[in-house]
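See below for the structure under consideration.
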Amino acid sequence: MTYTTMMHAQNRAILLFDMIEKSGLIRPGKTERQLVAEIDELATVGFDISTHWHKKIVRAGKNTLATFSQDPPDQLIRDNDILFIDLGPIVDGYEADLGRTYVIGNDPMKVRIKQDVERAWYEIQAWVRTQRNLTGATLFHHAVAKAREYGWTFTGDIAGHIVGRYPHEQPLDPRSLELDIHPDNHQEIFVPDAQGEERNWILELQFIDVEKGIGAYFEQLI
């Protein structure tokens, strides 16, 4: 599958995120689960997106420290809060994977971490595009170093993974990490799949400050 095909799915997901923001769904006084339910309805009714290939995530306040694999207790979205949304909608049979951070109010620290994680994402993307050979481990460690460069801590077991036609390619060995941007993946990420098609990679960054209890997230196709 081509990058253009995957970008079509992503662009549809971006329109969904734009509508989430413009519709005023992101506001204090509701729980994360309530917002997830509202997003699900908007995706179904407004975008004909009824299937998501991974769990729908809204994390607010202290829950922005939690990684994808964790399931923290439902949190109330509050005034002057920070939150992020991570969705994996399936568009025309292809997987998108998009993550964005939102700040309610203008707390400078929360605004800064939101801006930093996005800025760092594009800097890493530009760096990746200059590489001829790149392993998952090298990219992971580059992401960790980038978080440190901005004064934050990188969290999460991976810094990304592949996407594709749903369901996406799985490794022959279930224990293999070759399709994740993981510190133990020493395989080249630019190699094609078994059918000779290019692989499409998601880069996901989650920066946190444990002491301040805040985190920010940004995710999309490299």
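The values are calculated or read from the model by the stated rules, or taken from the named source; none is laboratory data. Quick caveat: nothing in here was measured; it's all calculated off a predicted structure. Here the Cβ positions follow ideal geometry from the backbone for every residue, glycine too, while neighbour counts run over all protein chains shown.
Of all residues in segment 117-160, those satisfying the criterion of being among the aliphatic types (A, V, I, L, M) and either touching a strand residue (DSSP E or B) at 6+ places or on another chain (Cβ under 7 Å) or not in a helix (DSSP H, G or I) (or both) are Val117, Ala120, Ile124, Leu134, Ala143, Val144, Ala147, Ile158, Ala159.
Let's see how each residue does on (1) within 24 Å of Lys110 (Cβ to Cβ); (2) touching a Pro at 6+ places or on another chain (Cβ under 8 Å); (3) not charged (D, E, K, R):
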site	(1), (2), (3)
His161	no, no, yes
Tyr166	no, no, yes
Glu178	no, yes, no
His182	no, no, yes
Asn185	no, no, yes
Gly196	no, no, yes
Ile208	yes, no, yes
Gly213	yes, no, yes
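Look through segment 18-50, keep the residues that are surrounded by fewer than 17 Cβ atoms within 10 Å (Cβ to Cβ) and in contact (Cβ under 8 Å) with a residue 60 or more places away in the chain, and return whichever of them is farthest from Glu95 (Cα to Cα). For segment 18-50, the residue satisfying everything is Pro28. Among residues of segment 139-157 that are of a type in the set (S, T, N, Q), those with a beta-carbon under 8 Å from a residue that is part of a helix (DSSP H, G or I) and crowded, with 17+ Cβ neighbours inside 10 Å at least six positions away or on a different chain give the pairs Thr153/Ala147; Thr155/Leu65. Counting the residues of segment 86-127 that are touching a residue at least 24 places away in the same chain (Cβ under 8 Å), touching a helix residue (DSSP H, G or I) at 6+ places or on another chain (Cβ under 7 Å) and aliphatic (A, V, I, L, M) gives 6.
Restricting attention to segment 103-114, does a residue exist that is out of contact with any Lys or Arg (no Cβ under 8 Å at 6 or more places or on another chain), surrounded by fewer than 12 Cβ atoms within 10 Å (Cβ to Cβ) and not in a strand (DSSP E or B)?
yes
Of everything in segment 193-208 that is out of contact with any strand residue (DSSP E or B) (no Cβ under 7 Å at 6 or more places or on another chain) and either surrounded by 14 or more Cβ atoms within 10 Å (Cβ to Cβ) or over 20 Å from Asp97 (Cα atoms) (or both), the residue that is modelled with the lowest pLDDT is Ala194.
Would you check if there is a residue in segment 177-184 being within 18 Å of Arg119 (Cβ to Cβ) and crowded, with 20+ Cβ neighbours inside 10 Å? Among the residues of segment 177-184, not one is within 18 Å of Arg119 (Cβ to Cβ) and crowded, with 20+ Cβ neighbours inside 10 Å, which makes the answer no.
In the set (1) aliphatic (A, V, I, L, M); (2) touching a Lys or Arg at 6+ places or on another chain (Cβ under 7 Å); (3) exposed (fewer than 15 other Cβ atoms within 10 Å of the Cβ), Val91 fails one condition alone, (3). Of all residues in segment 38-85, those satisfying the criterion of being assigned to a helix (DSSP H, G or I) and either among the acidic types (Asp, Glu) or more than 25 Å from His8 (Cα to Cα) (or both) are Glu38, Asp40, Glu41, Gly61, Lys62, Asn63, Thr64, Leu65. Residue-level analysis places Gly213 among those that are under 26 Å from Ala66 (Cβ atoms), modelled with pLDDT of 95 or more and surrounded by fewer than 16 Cβ atoms within 10 Å (Cβ to Cβ). Only one entry in Arg132, Arg148 is surrounded by fewer than 20 Cβ atoms within 10 Å (Cβ to Cβ) and either hydrophobic (A, V, I, L, M, F, W, C) or closer than 28 Å to Gln115 by Cα (or both), namely Arg148.
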